[in-house]
Structure formats: structure tokens, C-alpha cells
Amino acid sequence: MTSEAALAQLQCLLSEVPALAVAVSGGVDSMTLAVIAHRVLGPRVTMFHAVSPAVPGEATTRIHRQAKAEGWDLMILDAGEFRDENYLKNPLNRCFYCKTNLYSTIAAHTQATIISGANTSDLGEYRPGLRAADEYGVRHPYVECGINKQGVRAIARKLDLLDLADLPAAPCLASRIETGINIEPATLIRVHQAESLINDHMNPATVRCRVRHDAIIVELDPVSLKQLDSKETSTLRMKIANIFQDANPVPPVTFALYQTGSAFVGEKS
């Protein structure tokens with residue numbers, strides 16, 4: 001399907017809904033969907049963005065900037081997952097509790113149909129948050145139109161959203177914490193600091209700072225990992241260990257090849 005055809009299909013689908021509430025995380029999927037929805041339905045659309053220690057500040061800044069440029073009706077909210085012990089315990093299905101808090105909070109503020117930026121590429125991954133979406137009647141327009149991640153990026157380019165089209169995937173910071181390790185705001189701050197350090201130093205295509213029970217593992221895309229020499233590796237290990245210096249003891253820092261969802265440990269169902 002061409003980007004023109006995909007965009008036309010999305011516009012047709014969205015135009016049939018009386019009012020929409022878009023869950024906007026700050027990534028290319030939800031941001032592009034929000035732009036399309038607003039351009040189709042105008043004042044009948046409200047954007048909802050949840051802020052928390054798991055959401056990098058630059059994502060919120062990006063949303064505010066786009067909201068101003070597009071004239072969005074934007075509501076910033078606290079979804080309350082950091083008051084949910086089920087979420088904080090970080091079980092394998094943590095995302096279910098996260099999305100349950102998010103969608104229940106949005107539903108408490110609107111009668112509109114909630115839509116998300118999930119696309120068909122997400123369906124092949126472990127996504128317990130999709131089960132929470134089902135419980136709140138959340139629709140996924142990209143999925144309904146058969147659009148994958150590559151298609152979303154093509155649509156973003158078609159709409160001249162060039163800063164979004166090439167935006168790297170950036171799941172919430174809690175996704176870096178290995179299953180069973182409690183989610184703590186201070187740890188998420190350190191994770192973000194470590195990833196920012198790596199981004200500033202070498203601008204990799206992908207970086208994830210994984211917090212495991214016995215180590216800090218920095219995962220990089222193949223090209224970036226190959227570019228690291230022993231001196232750089234040693235220097236970065238020391239700097240990242242310094243970021244986590246409050247941990248007792250400070251876990252060893254290692255580098256590894258990026259693996260999607262590698263912090264999830266256990267039997268997925």
C-alpha cells in the first residue's frame with residue numbers, strides 16, 4: 001500500500017468517529033496519528049499525554065511543540081501508575097497495569113473514543129498493554145488499516161513531519177528494568193542519564209540501558225557496537241558506573257548487541 005493510499009484510508013476511518021481521544025506518548029506512531037486525527041476532525045479531537053518518571057522529558061517537550069504548531073487541544077495528566085503496586089513490582093505483564101492506569105484515567109476525562117498508535121508491527125511482539133486497551137474499547141487505526149511501522153514513517157514523510165519520520169523508537173524507560181526489579185523513579189532517571197550520555201558521545205541508531213539483577217547492560221545497534229574501541233568502552237563504563245554510584249554495590253557495566261524486549265524475563269502469554 002502506498003503512503004497516499006494508507007493516509008486516505010486512515011482519514012476515512014477517523015472521519016467516521018464522532019469524537020476522538022488520542023493517547024499521545026511522543027513517538028512517531030502516536031504523534032503522526034494525532035496530526036492526522038486533528039486535521040480530519042479538528043475540535044472534536046483531544047490529545048492526552050501522561051507524564052511520569054518513565055516518560056523522558058524530551059517526549060513531553062516534543063508534544064508541547066507539536067500541539068502549539070498544530071493547535072491541538074492537549075491535556076497533560078498523571079495516569080497514576082506510580083501509585084499502583086502491581087505496576088511498581090514490575091511483573092512480566094507490567095505494561096498491562098501501565099496501560100490500565102492510562103486508559104482508565106483518559107476515560108475518566110472524556111466520552112470520546114480512545115485511539116492509540118499501535119501498528120501491525122507491534123502485533124508480533126509481547127504487548128500485554130494491548131489487553132488493557134481491549135478492556136477500555138481502545139481502537140488502533142493503524143492496525144485496522146493494516147499499516148506497519150515502516151508505513152507510519154512513510155505517512156509522516158508524506159505529511160512533511162520530517163522530524164518525526166526518522167525519530168528512533170523509544171519505549172518507556174520502565175522497559176529497561178528487568179522483570180522482578182521494582183520500578184523506582186531514581187533508577188529511571190539514571191537509565192535516562194546513561195542513554196543520554198551514550199547518545200551525546202556516539203549518536204547510535206539504538207541504545208538501551210538495561211538494569212538487570214547483577215549488571216547494567218548497554219545494548220547498541222550492530223554498527224555502533226562494532227565502532228566502540230577498548231579505550232572508549234572503558235571510559236564509558238566508568239562514566240555509566242558513576243551514574244549508578246548510589247547503587248550498593250555498583251553493578252558491573254557491559255556492552256551488548258541490542259535485543260528487542262530483552263528486559264522481559266519469564267514465560268510470556
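The values are calculated or read from the model by the stated rules, or taken from the named source; none is laboratory data. Please read these numbers as outputs of a predicted model, since none were measured by experiment. Here the Cβ is made from the backbone with ideal geometry for all residues, glycine too, and neighbour counts use every protein chain on show. We work out accessible area using only protein heavy atoms, side chains counted, and drop any ligands, DNA or RNA first. Shrake-Rupley method; radii C 1.70, N 1.55, O 1.52, S 1.80 Å.
Mind checking whether some residue in the stretch 215-222 is in a helix (DSSP H, G or I), out of contact with any helix residue (DSSP H, G or I) (no Cβ under 6 Å at 6 or more places or on another chain) and open to solvent by 70 Å² or more (accessible area, probe 1.4 Å)? Among the residues of the stretch 215-222, at least one is in a helix (DSSP H, G or I), out of contact with any helix residue (DSSP H, G or I) (no Cβ under 6 Å at 6 or more places or on another chain) and open to solvent by 70 Å² or more (accessible area, probe 1.4 Å), which makes the answer yes.
Each residue in the stretch 225-268 was checked for being assigned to a loop (DSSP other than H, G, I, E, B), open to solvent by 60 Å² or more (accessible area, probe 1.4 Å) and under 25 Å from N90 (Cα atoms), and 12 pass. Count of the stretch 1-39 residues, restricted to those that are closer than 14 Å to I115 by Cα, outside any loop (DSSP other than H, G, I, E, B) and either among the β-branched types (V, I, T) or at pLDDT below 95 (or both), is 4. Quick check, is I106 touching a Ser or Thr at 6+ places or on another chain (Cβ under 8 Å) and either under 25 Å from R44 (Cα atoms) or at pLDDT 95 or above (or both)? So I106 does not fit the description; no. When we screen T110, T100, T60 for residues that are within 24 Å of F264 (Cα to Cα), open to solvent by 20 Å² or more (accessible area, probe 1.4 Å) and either of a type outside the set (D, E, K, R) or free of Cβ contacts under 8 Å to residues at least 24 places away in the same chain (or both), the only hit is T100. Tell me, please, whether a residue that is more than 19 Å from S175 (Cα to Cα) and not hydrophobic (A, V, I, L, M, F, W, C) can be found in the stretch 90-102. Within the stretch 90-102, none of the residues are more than 19 Å from S175 (Cα to Cα) and not hydrophobic (A, V, I, L, M, F, W, C).
The criterion of at least 1 residues that are aliphatic (A, V, I, L, M) and open to solvent by 60 Å² or more (accessible area, probe 1.4 Å) is met, among helices (runs of 4 or more DSSP H) falling completely within the stretch 119-211, by 162-165, 185-202. In the stretch 2-44, which residues are in contact (Cβ under 8 Å) with a residue 40 or more places away in the chain and on the phi > 0 side of the Ramachandran plot? Result: G26, single match. Within the stretch 72-97, the residues that satisfy the criterion of being open to solvent by 40 Å² or more (accessible area, probe 1.4 Å), acidic (D, E) and part of a loop (DSSP other than H, G, I, E, B) are D73, D78.
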